[in-house]
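The structure appears right after this line, and notes come after that.
The values are calculated or read from the model by the stated rules, or taken from the named source; none is laboratory data. All values reported here derive from a predicted model rather than from experimental measurement. Please note: Cβ atoms are built from the backbone with ideal geometry, for glycine as well, and neighbour counts cover all protein chains shown. All accessible areas refer to the heavy atoms of the entire protein, side chains included, with ligands and DNA or RNA removed. Shrake-Rupley method; radii C 1.70, N 1.55, O 1.52, S 1.80 Å.
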Amino acid sequence: METSLYYLNVGSAMFLLIGMALLLGRLLSGPTLYDRVLAVNSFGTKTVLFLAVFSLIIGRQDGIDIAILYALMNFIATIAVLKFFRYSSLDISMERGSGSEEKAP
Amino acid sequence: MNAELLQWIQFSVSAIFLVGGVFFVIAGAVGVLRLPDFYTRMHAAGMTDTLGAEMILLGLIVQAGLSQTSLKLTLIAFLLFLTSPTATHAVVGAAHHAKLKPKLGKYRAPVPGEVPPVKIAPKPKLKAKPKARTKKKAK
Amino acid sequence: MIRSALVLLVILIAYWLMLSGYLHNPVLLILGAISIFIVLGLSVRMKIIDAETAPYINVMALGYFVWLFVEIIKANMAVVKAVLSPNMEISPKTTKVPMKQSTDLGRVTFANSITLTPGTIAVEIGDDKILVHALLSEMTAASGFAEMGKRAGKAVGDPMLDNLEQDKAPKGKS
């Protein structure tokens, strides 16, 4: 029973790696900048899933903590990169009530 | 006897969720590769983020049983559920703000023989547009 | 304010216990309690605690999430069918969807629900309208969005603009 669960997890990890390889194709060939950002973001989601599966394969909890961190970092990285593209600076406050319309130069 | 049956149920439920999740993840990756323009690719990526991720994490939760591991996996599922639409909206919003035009109307995948004209045709247009703009500005 | 601080306290305690898992070591429990109260004190002093920092979710919201999950599964099937079919017949379309939520939380819930459902993405959010990009043109039916908006507003206890306008007709927005 243990071994069949093990093989199930290994198989899904392999398929996740295949999905990540497919996304790398879009990352390298993406015609616009935003295609690449999208590919990186989706790649990060798959990395989180892979880490979660991998930590069950090796039977240790540490991988799941890393997966939580990776999920948060992936989100913050995407937002930061897009903010930089949009305002060409990270030094703009996005306080509540200042509105979504940009008053930036 | 009974414990073995429970283990089989656990295995099969987990297998159903994992296989379904992996299917949606691969379908999302294929969609990101196949779809014609940026806005439509976002839909395929969103598919990976929602159902693919949640199903894989559900399968792992079933495997982990009642333990701290399954609580942490639930936390990951919750975080992905909250953050992935926000990230998607940020990417699309930035692209829309940069005046990236979506392709609208009906679209069909080109038949293999038709691929070269379809792929080559847009490129000179893209290169020609900035030149035309600069000429207008120069005048 | 006090209720939000209490909600944040409960969330922090649950979060600490979930991530650390130390239930039987008194020294670590005391250290965890100290760090929780430091975080709580800092957030109170920074004045970042309000109903948005620590939203409490009522029972109605759980029903909404179940409904949303069913919708997500349905939409996923349609998108998978469109993407994996060999000649990939898609018909991308943009529409403007009226948004009748009045609070920020209600708007965020509605826009996030639209984006979570594969096949529809909220592209830009205006004052009372959302620009939505859809993969298949049959996904842009106004009735579906109206129902989702109604349910989303109900789940987070949002006074919808329709009801507000009935109360005070001249002042629709504040």
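Condition check ((1) modelled with pLDDT of 85 or more; (2) under 20 Å from B:Ala94 (Cα atoms); (3) in a loop (DSSP other than H, G, I, E, B); (4) not assigned by TED's automatic domain parsing to the domain that holds C:Gly21) across all residues:
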{"site": "C:Ile34", "(1), (2), (3), (4)": "yes, no, no, no"}
{"site": "C:Phe69", "(1), (2), (3), (4)": "yes, no, no, yes"}
{"site": "C:Asn76", "(1), (2), (3), (4)": "yes, no, no, yes"}
{"site": "C:Val79", "(1), (2), (3), (4)": "yes, no, no, yes"}
{"site": "C:Asp127", "(1), (2), (3), (4)": "no, yes, yes, yes"}
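Is one or more of the residues making up region B:91-98 surrounded by fewer than 18 Cβ atoms within 10 Å (Cβ to Cβ) and more than 8 Å from every other protein chain (Cβ to nearest Cβ)?
Checked region B:91-98: no residue is surrounded by fewer than 18 Cβ atoms within 10 Å (Cβ to Cβ) and more than 8 Å from every other protein chain (Cβ to nearest Cβ).
How many residues, within region C:1-18, are open to solvent by 80 Å² or more (accessible area, probe 1.4 Å) and within 24 Å of A:Ile68 (Cβ to Cβ)?
The qualifying residues number 3.
Checking the structure you have, find out if any residue of region A:82-95 is hydroxyl-bearing (Ser, Thr, Tyr) and within 9 Å of chain B (Cβ to nearest Cβ).
no
Show the residue pairs meeting these rules: Cβ distance below 8 Å; 6+ apart or different chains; first residue within region C:1-18 and under 13 Å from C:Leu29 (Cα atoms); second residue open to solvent by 30 Å² or more (accessible area, probe 1.4 Å) and not in a helix (DSSP H, G or I).
Once the first residue is under 13 Å from C:Leu29 (Cα atoms) and sits in region C:1-18, its partners that are open to solvent by 30 Å² or more (accessible area, probe 1.4 Å) and not in a helix (DSSP H, G or I) give C:Leu17/C:Leu23.
Might you let me know whether region A:25-33 holds any residue that is surrounded by 21 or more Cβ atoms within 10 Å (Cβ to Cβ) and touching an Asp or Glu at 6+ places or on another chain (Cβ under 8 Å)?
Yes: one or more hits.
Determine, yes or no, whether B:Phe17 is in contact with a Leu (Cβ under 6 Å, 6 or more places away or on another chain), within 21 Å of A:Ala71 (Cβ to Cβ) and open to solvent by 50 Å² or more (accessible area, probe 1.4 Å).
So B:Phe17 fits the description; yes.
Could you run through region C:82-116 and say how many residues are surrounded by 13 or more Cβ atoms within 10 Å (Cβ to Cβ) and either among the hydroxyl-bearing types (Ser, Thr, Tyr) or in a helix (DSSP H, G or I) (or both)?
So the count comes out to 21.
Can you find even one residue in region C:38-54 that is exposed (fewer than 15 other Cβ atoms within 10 Å of the Cβ), of a type in the set (Val, Ile, Thr) and in contact (Cβ under 8 Å) with a residue 40 or more places away in the chain?
yes
Name the residue that is surrounded by the fewest Cβ atoms within 10 Å (Cβ to Cβ), counting only residues in region B:32-46 that are in contact with a helix residue (DSSP H, G or I) (Cβ under 8 Å, 6 or more places away or on another chain) and not aliphatic (A, V, I, L, M).
Once the filter is applied, the top-ranked residue is B:Arg34.
Looking only at region C:121-139, which residues are open to solvent by less than 20 Å² (accessible area, probe 1.4 Å) and within 8 Å of another protein chain (Cβ to nearest Cβ)?
Once the filter is applied, which keeps residues that are open to solvent by less than 20 Å² (accessible area, probe 1.4 Å) and within 8 Å of another protein chain (Cβ to nearest Cβ), region C:121-139 yields C:Ile121, C:Ala122, C:Val123, C:His133, C:Leu135.
Matching residues to (1) out of contact with any His (no Cβ under 9 Å at 6 or more places or on another chain); (2) within 10 Å of chain C (Cβ to nearest Cβ); (3) among the charged types (D, E, K, R); (4) in contact (Cβ under 8 Å) with a residue 40 or more places away in the chain:
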{"position": "B:Asn2", "(1), (2), (3), (4)": "yes, no, no, no"}
{"position": "B:Ala15", "(1), (2), (3), (4)": "yes, no, no, yes"}
{"position": "B:Gly21", "(1), (2), (3), (4)": "yes, no, no, no"}
{"position": "B:Thr48", "(1), (2), (3), (4)": "yes, yes, no, no"}
{"position": "B:Ala53", "(1), (2), (3), (4)": "yes, no, no, no"}
{"position": "B:Leu58", "(1), (2), (3), (4)": "yes, no, no, yes"}
{"position": "B:Gly65", "(1), (2), (3), (4)": "yes, no, no, yes"}
{"position": "B:Phe78", "(1), (2), (3), (4)": "yes, no, no, no"}
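Among the residues of region A:41-68, what is the count of those that are under 15 Å from the mean Cα position of the chain (by Cα) and more than 10 Å from chain B (Cβ to nearest Cβ)?
2
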